[in-house]
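Trainee: Can you read through this structure? Questions will come right after.
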Number of protein chains: 6
Amino acid sequence: MTIHVINPNSSVHVTEGIDAAIAPMRTLSPVPIACHTLAEGPPGIETQAHVEGVVAPLLARAAELEDGASAFVIACFSDPGLAAMRERSARPVLGIAESAVLHAMTLGQRFGILSIKRASVARHVRYLGAMGVLDRLAADLPIDMGVAELADAGRTLDRLAEVGATLRDVHGADVLITGCAGMAQYRPALEEALGLPVVDPCQAAVAAAIGRVALAPCE
Amino acid sequence: MTIHVINPNSSVHVTEGIDAAIAPMRTLSPVPIACHTLAEGPPGIETQAHVEGVVAPLLARAAELEDGASAFVIACFSDPGLAAMRERSARPVLGIAESAVLHAMTLGQRFGILSIKRASVARHVRYLGAMGVLDRLAADLPIDMGVAELADAGRTLDRLAEVGATLRDVHGADVLITGCAGMAQYRPALEEALGLPVVDPCQAAVAAAIGRVALAPCE
Amino acid sequence: MTIHVINPNSSVHVTEGIDAAIAPMRTLSPVPIACHTLAEGPPGIETQAHVEGVVAPLLARAAELEDGASAFVIACFSDPGLAAMRERSARPVLGIAESAVLHAMTLGQRFGILSIKRASVARHVRYLGAMGVLDRLAADLPIDMGVAELADAGRTLDRLAEVGATLRDVHGADVLITGCAGMAQYRPALEEALGLPVVDPCQAAVAAAIGRVALAPCE
Amino acid sequence: MTIHVINPNSSVHVTEGIDAAIAPMRTLSPVPIACHTLAEGPPGIETQAHVEGVVAPLLARAAELEDGASAFVIACFSDPGLAAMRERSARPVLGIAESAVLHAMTLGQRFGILSIKRASVARHVRYLGAMGVLDRLAADLPIDMGVAELADAGRTLDRLAEVGATLRDVHGADVLITGCAGMAQYRPALEEALGLPVVDPCQAAVAAAIGRVALAPCE
Amino acid sequence: MTIHVINPNSSVHVTEGIDAAIAPMRTLSPVPIACHTLAEGPPGIETQAHVEGVVAPLLARAAELEDGASAFVIACFSDPGLAAMRERSARPVLGIAESAVLHAMTLGQRFGILSIKRASVARHVRYLGAMGVLDRLAADLPIDMGVAELADAGRTLDRLAEVGATLRDVHGADVLITGCAGMAQYRPALEEALGLPVVDPCQAAVAAAIGRVALAPCE
Amino acid sequence: MTIHVINPNSSVHVTEGIDAAIAPMRTLSPVPIACHTLAEGPPGIETQAHVEGVVAPLLARAAELEDGASAFVIACFSDPGLAAMRERSARPVLGIAESAVLHAMTLGQRFGILSIKRASVARHVRYLGAMGVLDRLAADLPIDMGVAELADAGRTLDRLAEVGATLRDVHGADVLITGCAGMAQYRPALEEALGLPVVDPCQAAVAAAIGRVALAPCE
């Protein structure tokens, strides 16, 4: 039995980043953790059409993995297919956005979200409204960087720290969430720079999945 | 130019019901109103997987119609693909659930929703949370009838009236929404029985679409 | 039968602005649209006493127009007398603030309001709370200009664009509403400058009224 | 200097009831408390048009009383003219609905409102939304009695207790508010019958006014 | 290193029930799980004074355990001392109420809480408000049973099922939480009887603690 | 009979400041007002452990004073022990934070809170969530000054005015609350500087207590 983490975009590079982020958890997990790339997904999930377009192949892939699965993690911050997966699968299913938010709610009173693109913010806020947790949201702000800029790690960290400081000082955030799979590498430096806890959503979701797996014998 | 109403399930019978519901509006619409059946959809949209599964064919169909479209109406109470359509299309796009809720907000202070299936309620509440209008929701209650029972119009009306009375008396609804495309036929009798305005979501959405078409010359 | 738009202040100049704003919609409206000035109103509605003081003459005027009315639009952003008109009239009654908000809710996730006076903001927020839509409000900010300054169109546009940019960048608005009848002339330039949709409340309300008129044969 | 309690309807009988309700507070008030009837008001305030129609005469009456006023209380559960009075008067102005709600928020976690007429409930809920306190509302239920029935005190008490029990047991109210000026006589028996604190809005508002008068030397 | 579960009341019987509830999780936990009784606590935590009175001894006990602790779980549904513990301890600290709610938010859209005593409900609702999750609460209803009755397991289950059915059918709950440490034994039968998932708060908190322990190497 | 104001920290200097703040109210109070220092409290209440740690001695002290008490005021902006005191005492019990918020809700639509320490903000927001009034909160911002700086009254006022201006201009506050016992001396200058009403929480709570005392003969 395995915790299956599915990256619903087709970027193996992103999947490798997710794998690196959660790798330290493997020694303490009661079951193996496998990270998968959804070949049918787009290179990146950037629009609502992408979000909904990956649901069918995601459900298909999960169905194949179901028998050997302890739990599923959907590793995209839009939580594509989360509700559908929960209807279909008999296993616990976690989304990284939902998990990050629920985790952040135990670390601070108002969480700030660091999004990559401005266009994602409305989608996130819709989702947080559906989750009923807007009273806990400080703000969701984009770092608004292009692909080329994101390749420069130093510059990315600077920008994350700058927007994070705005979330803390203007909007009152006392905990931050990086609103994207694949930014775990910046977490320690960001916590250091801002003096606030920072949640990586993939790590939060895998932690939740491990908790669910441990809970299974009680069912 | 035409207002295109797309029923995202494959039931021609449902599309005919929608067409009948909005037919009286044709004489006052500045453009024709055409109702379409999405052949690629399931016979009925009952699960979250259905909701997301119809988005891709819906987007494809809408893209074909785009050039001749004044506006689009998505005629399923889960508003499948609404956000995606709005990203993709240059025309106004209305969902029947969103339109019904916004319409109801002008007719009363707390709306009640009459759902068919119990399993739809959580999906609706998630959506109303995403819309940020839960303070206006009295309650969403299922009439919980099977297909065979729904074929009996008298019994369906009785059940709608019974659950509607609970929405009014226990939950404080002062306006009701039938949470499904294809129940417009019951609207007059239900209003009569309960003494409350009742919103048919397809009619509300087409009315909104007509308003948007009339607004176009101001853009 | 006619859609009657009533400007509840006594300024014919304002009524002319409203008429110009909605004029392009006339060719697509199923009925004529007439704009009226409430002679008994104050020159401008600036206080809560003004808001409530116009209700009685507004009701009287509407009663005279009732027989020939398809619908009423109350053309002041405080929606004076909206609830009272709905109790009294058998016709659809739309307020421009309510209509603008409901319209904006279909164009973005968080709307910002551009108010003229700082003193209006609390009144607007009270009203948005009564509407139950505060989760959709980014912020309501005043441009805080006096009558003399407002006469300078270039300066007014600059100030609207400046405050609009704050609503977008600091408060996360992805759609804006001009919180006043009579600013429709700035809408295209403001949309261009900010890259966001801008809702003129009079246009939104007349669009809604046209939709309601088209819906009437279904009743 | 005097606390002026203004009943905005023209019923002297109602004013006498208010006077009786607050009479025991006179010995502990630092200033006299005078109850007034607004002759220009309707016999009862039952519609939104009534609510707004009394604002102008209320403002006029208050202006006459301003010089000798320590504070004003508007003694109708719709708080007509409260915002307008606060703009106009230099004295503390209290509304009985607002005061009752704020008082109830110190006595329990969820308040229930006992309204007389079903038609008032939507108006109350709009107002509670404007106050931003809907999370504290258990429910607002009408006792739905006509004038003749209300004349029968025993029957009125029975009905208040019956609806109050529903507020407590179905809706989770742990404190009740009688949503009308003039029901103070039922308060002790209702508290006894239900085991919950009951707030009379006129008493709550006069208590708040006395507090404000005592605060004045700090200004 | 150990996960320390502290029952803040002095009842060893309750601690044994907690231990039995979480025992099946031990084989999958990466560290041992120890359950402790707070000798200084009252026999049961029934009042707000109890809740706050146990904080000091709880902090003292936790300080003694800190060096050997992987995480702490506070095993009382009022989460006494949760915020204080988080300020003081360098370990993850979970409360069973918070954990149950966050867990339930992944299993359904609206959770219902089955409380023992009516007097606890207001305390719970205050806490859910502080958590900002009232939009996800269906209702919190007491089973209102005395100690003698609770000793009768069959009767307790019947009452839980009865009140749970009200939470489901009247209030729209699609997941339930038993609002007390020590009712895990009823969970399977209650799920069976009602067709809804039921969350035991101690199990949910220990699952969350296991997830946090697994996350530690990422810090 | 006396209104007992209890400062739950052990600083006599703070108690003297509270006494000075409320002294002008004594001539208009129907009963004497006595201010007490809780010797068992910490020098200042700065952590959640402090908040909960003072509850037991506070309850003990209040029990001694009960027989001669007309009402109690807990004079710390975290309202320590408020719910517990209300369970235990037969007298009205007011907290200064709750009283300040309820008072501010009658003076403006959105209140801003001026906190001393950044670390207090999350505690305040949790409490405002429990009160269900977050829709009325503009923001809670710290002035973030150390003890030495606070000794400089001119500098403290400058900083209060600076942060107050941010609350007004960025966050839309139209009334401010000083989030600490002992800042009443700055109130007049701050109101003057900002053009907004400023609420001192001790004054607000004593005003509410006086109102309650006046209400007692109605019970």
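The values are calculated or read from the model by the stated rules, or taken from the named source; none is laboratory data. Fair warning: this is a prediction, and the values are worked out from it, not measured in the lab. No Cβ is skipped: glycine too gets one built from the backbone with ideal geometry, and neighbour counts run over all protein chains shown. Heads up: the accessible areas ignore ligands, DNA and RNA and are worked out on the full protein's heavy atoms, side chains in. Shrake-Rupley method; radii C 1.70, N 1.55, O 1.52, S 1.80 Å.
Trainee: Any chance you could count how many residues in the range D:135-162 are modelled with pLDDT of 95 or more and in contact with a Lys or Arg (Cβ under 8 Å, 6 or more places away or on another chain)?
Mentor: Residues flagged as modelled with pLDDT of 95 or more and in contact with a Lys or Arg (Cβ under 8 Å, 6 or more places away or on another chain) within the range D:135-162 amount to 5.
Trainee: Considering each of D:ALA173, D:ALA216 in turn, give the residue that is out of contact with any His (no Cβ under 6 Å at 6 or more places or on another chain), closer than 19 Å to D:PHE111 by Cα and among the aliphatic types (A, V, I, L, M). Before the answer, list the steps.
Mentor: On the way: D:ALA216 fails: closer than 19 Å to D:PHE111 by Cα.
Unique residue meeting the criteria: D:ALA173.
Conditions (1) within 24 Å of C:PRO197 (Cβ to Cβ); (2) in contact with a helix residue (DSSP H, G or I) (Cβ under 7 Å, 6 or more places away or on another chain), marked per residue:
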| residue | (1), (2) |
| --- | --- |
| C:ASP67 | no, no |
| C:VAL73 | yes, yes |
| C:ASP79 | yes, yes |
| C:ALA84 | no, yes |
| C:GLU87 | no, yes |
| C:ILE96 | yes, yes |
| C:SER99 | yes, yes |
| C:HIS103 | yes, yes |
| C:THR106 | yes, yes |
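Trainee: Please go through the range F:46-64 and give me each residue that is among the hydrophobic types (A, V, I, L, M, F, W, C) and either open to solvent by less than 30 Å² (accessible area, probe 1.4 Å) or within 14 Å of chain D (Cβ to nearest Cβ) (or both), ordered by number.
Mentor: Filtering the range F:46-64 for residues among the hydrophobic types (A, V, I, L, M, F, W, C) gives F:49, F:51, F:54-56, F:58-60, F:62-63.
Hits for the range F:46-64 are F:ALA49, F:VAL51, F:VAL54, F:VAL55, F:LEU58, F:LEU59, F:ALA62.
Trainee: Any idea which residue in the range F:167-180 is modelled with the lowest pLDDT, counting only those that are open to solvent by 20 Å² or more (accessible area, probe 1.4 Å) and hydrophobic (A, V, I, L, M, F, W, C)? Before you say what the answer is, go through the steps one by one.
Mentor: Within the range F:167-180, the subset open to solvent by 20 Å² or more (accessible area, probe 1.4 Å) is F:168-172, F:174, F:180.
Checking which are hydrophobic (A, V, I, L, M, F, W, C) leaves us with F:170, F:180.
Working: F:VAL170: 97, F:CYS180: 92.
The selected residue is F:CYS180.
Trainee: While we're here: For the range E:82-119, how many residues are within 24 Å of F:HIS50 (Cα to Cα) and under 15 Å from the mean Cα position of the chain (by Cα)? Let's see the steps before the verdict.
Mentor: Taking the range E:82-119 and keeping what is within 24 Å of F:HIS50 (Cα to Cα), we get E:82-98.
With under 15 Å from the mean Cα position of the chain (by Cα) added as a condition, the list becomes E:82, E:93-98.
Residues flagged as within 24 Å of F:HIS50 (Cα to Cα) and under 15 Å from the mean Cα position of the chain (by Cα) within the range E:82-119 amount to 7.
Trainee: Now, a different point. Is it the case that some residue within the range F:85-94 is open to solvent by 20 Å² or more (accessible area, probe 1.4 Å), farther than 24 Å from D:MET25 by Cβ and out of contact with any Ser or Thr (no Cβ under 7 Å at 6 or more places or on another chain)?
Mentor: Yes, there is a match, as at least one residue in the range F:85-94 is open to solvent by 20 Å² or more (accessible area, probe 1.4 Å), farther than 24 Å from D:MET25 by Cβ and out of contact with any Ser or Thr (no Cβ under 7 Å at 6 or more places or on another chain).
Trainee: Let me ask another. When you scan the range E:118-149, how many residues do you find that are of a type outside the set (D, E, K, R) and either assigned by TED's automatic domain parsing to the domain that holds E:ARG212 or in a helix (DSSP H, G or I) (or both)?
Mentor: Going through the range E:118-149, the residues of a type outside the set (D, E, K, R) turn out to be E:119-122, E:124-125, E:127-134, E:137-139, E:141-143, E:145-148.
Next, only the ones that are either assigned by TED's automatic domain parsing to the domain that holds E:ARG212 or in a helix (DSSP H, G or I) (or both) stay: E:119-122, E:124-125, E:127-131, E:134, E:147-148.
Adding up the residues that qualify gives 14.
Trainee: Mind checking which residues of the range D:70-117 are touching a Phe, Trp or Tyr at 6+ places or on another chain (Cβ under 7 Å), in a helix (DSSP H, G or I) and not β-branched (Val, Ile, Thr)?
Mentor: Matches in the range D:70-117: D:MET85, D:ALA97, D:ALA104.
Trainee: Tell me, yes or no, whether the range A:141-150 has at least one residue that is within 17 Å of the chain's Cα centre (by Cα), on the phi < 0 side of the Ramachandran plot and open to solvent by 10 Å² or more (accessible area, probe 1.4 Å). Steps first, answer last, please.
Mentor: Looking only at the range A:141-150, we keep the residues that are within 17 Å of the chain's Cα centre (by Cα), and these are A:141-143.
Subsequent filtering for residues that are on the phi < 0 side of the Ramachandran plot retains A:141-143.
Of the ones still in play, those that are also open to solvent by 10 Å² or more (accessible area, probe 1.4 Å) are A:141-142.
The answer is yes, given that some residue of the range A:141-150 is within 17 Å of the chain's Cα centre (by Cα), on the phi < 0 side of the Ramachandran plot and open to solvent by 10 Å² or more (accessible area, probe 1.4 Å).
Trainee: On the basis of being touching a strand residue (DSSP E or B) at 6+ places or on another chain (Cβ under 9 Å), within 23 Å of C:VAL5 (Cβ to Cβ) and among the aliphatic types (A, V, I, L, M), does C:ALA119 make the cut?
Mentor: Numbers: touching a strand residue (DSSP E or B) at 6+ places or on another chain (Cβ under 9 Å): yes; within 23 Å of C:VAL5 (Cβ to Cβ): no; among the aliphatic types (A, V, I, L, M): yes.
Answer is no for this residue.
Trainee: Let me ask something else. So F:ASP135 clears everything in (1) open to solvent by 30 Å² or more (accessible area, probe 1.4 Å); (2) closer than 26 Å to D:ALA90 by Cα except one condition, right? Which one?
Mentor: The failed condition is (2).
Trainee: From the list D:GLY164, D:GLY154, D:GLY129, which residue is free of Cβ contacts under 8 Å to residues at least 12 places away in the same chain and open to solvent by less than 20 Å² (accessible area, probe 1.4 Å)?
Mentor: Just a single option satisfies the conditions, and that option is D:GLY129.
Trainee: Moving to a separate point now. Does any residue of the range F:187-202 turn out to be surrounded by 20 or more Cβ atoms within 10 Å (Cβ to Cβ) and facing chain D (nearest Cβ under 9 Å)?
Mentor: yes
Trainee: Additional query: Does F:GLY179 meet the test of being on the phi > 0 side of the Ramachandran plot and not hydroxyl-bearing (Ser, Thr, Tyr)? Outline the logic, then answer.
Mentor: Values: on the phi > 0 side of the Ramachandran plot: no; not hydroxyl-bearing (Ser, Thr, Tyr): yes.
No.
Trainee: Please verify whether F:ARG159 is part of a helix (DSSP H, G or I) and in the same structural domain as F:ILE33 (by TED's automatic domain parsing), treating the condition exactly as stated. Step through it out loud before you land on a result.
Mentor: Values: part of a helix (DSSP H, G or I): yes; in the same structural domain as F:ILE33 (by TED's automatic domain parsing): no.
Against the criterion (part of a helix (DSSP H, G or I) and in the same structural domain as F:ILE33 (by TED's automatic domain parsing)), F:ARG159 does not qualify.
Trainee: Is it the case that E:THR106 is among the polar types (S, T, N, Q), within 14 Å of chain A (Cβ to nearest Cβ), under 25 Å from A:VAL213 (Cα atoms) and surrounded by fewer than 24 Cβ atoms within 10 Å (Cβ to Cβ)? Write out each step before concluding.
Mentor: Working: among the polar types (S, T, N, Q): yes; within 14 Å of chain A (Cβ to nearest Cβ): yes; under 25 Å from A:VAL213 (Cα atoms): yes; surrounded by fewer than 24 Cβ atoms within 10 Å (Cβ to Cβ): yes.
Yes, satisfied.
Trainee: So A:ILE113 ticks every box in (1) more than 7 Å from every other protein chain (Cβ to nearest Cβ); (2) over 25 Å from E:ALA130 (Cβ atoms); (3) buried (at least 24 other Cβ atoms within 10 Å of the Cβ); (4) among the hydrophobic types (A, V, I, L, M, F, W, C) but one. Which box is left unticked?
Mentor: A:ILE113 satisfies every listed condition except (2).
Trainee: Can you name the condition, by its number, that E:CYS35 falls short on among (1) open to solvent by 30 Å² or more (accessible area, probe 1.4 Å); (2) farther than 28 Å from E:LYS117 by Cα; (3) part of a strand (DSSP E or B)?
Mentor: Checking E:CYS35 against (1) open to solvent by 30 Å² or more (accessible area, probe 1.4 Å); (2) farther than 28 Å from E:LYS117 by Cα; (3) part of a strand (DSSP E or B), the one that fails is (2).
Trainee: Looking at the range D:169-197 only, could you name the residues that are out of contact with any helix residue (DSSP H, G or I) (no Cβ under 6 Å at 6 or more places or on another chain), part of a helix (DSSP H, G or I) and touching a residue at least 12 places away in the same chain (Cβ under 8 Å)?
Mentor: Correct list: D:GLN185, D:ARG187.
Trainee: Which ones in the range C:16-32 are farther than 16 Å from C:LEU94 by Cα, part of a helix (DSSP H, G or I) and touching a residue at least 40 places away in the same chain (Cβ under 8 Å)?
Mentor: Within the range C:16-32, C:GLY17, C:ALA20, C:ALA21, C:MET25, C:LEU28 qualify.
Trainee: Within the range E:77-97, restricting attention to residues that are within 14 Å of chain F (Cβ to nearest Cβ) and touching a residue at least 40 places away in the same chain (Cβ under 8 Å), which residue is nearest to A:VAL175 (Cα to Cα)? Quick ask: steps written out before the conclusion?
Mentor: We begin by selecting, within the range E:77-97, every residue within 14 Å of chain F (Cβ to nearest Cβ); these are E:78-89, E:93, E:95, E:97.
In the following step, the residues that additionally are touching a residue at least 40 places away in the same chain (Cβ under 8 Å) were identified as E:78-81, E:95, E:97.
On the way: E:SER78: 24, E:ASP79: 21, E:PRO80: 22, E:GLY81: 20, E:GLY95: 19, E:ALA97: 21 Å.
Looking at residues that are within 14 Å of chain F (Cβ to nearest Cβ) and touching a residue at least 40 places away in the same chain (Cβ under 8 Å), I get E:GLY95.
Trainee: Something else about it: Could you please find all residues in the range B:1-16 being more than 18 Å from B:GLU46 (Cα to Cα) and open to solvent by 30 Å² or more (accessible area, probe 1.4 Å)?
Mentor: Start the filter on the range B:1-16 by keeping residues that are more than 18 Å from B:GLU46 (Cα to Cα), which leaves B:1-5, B:16.
Within the range B:1-16, B:MET1, B:GLU16 meet the criteria.
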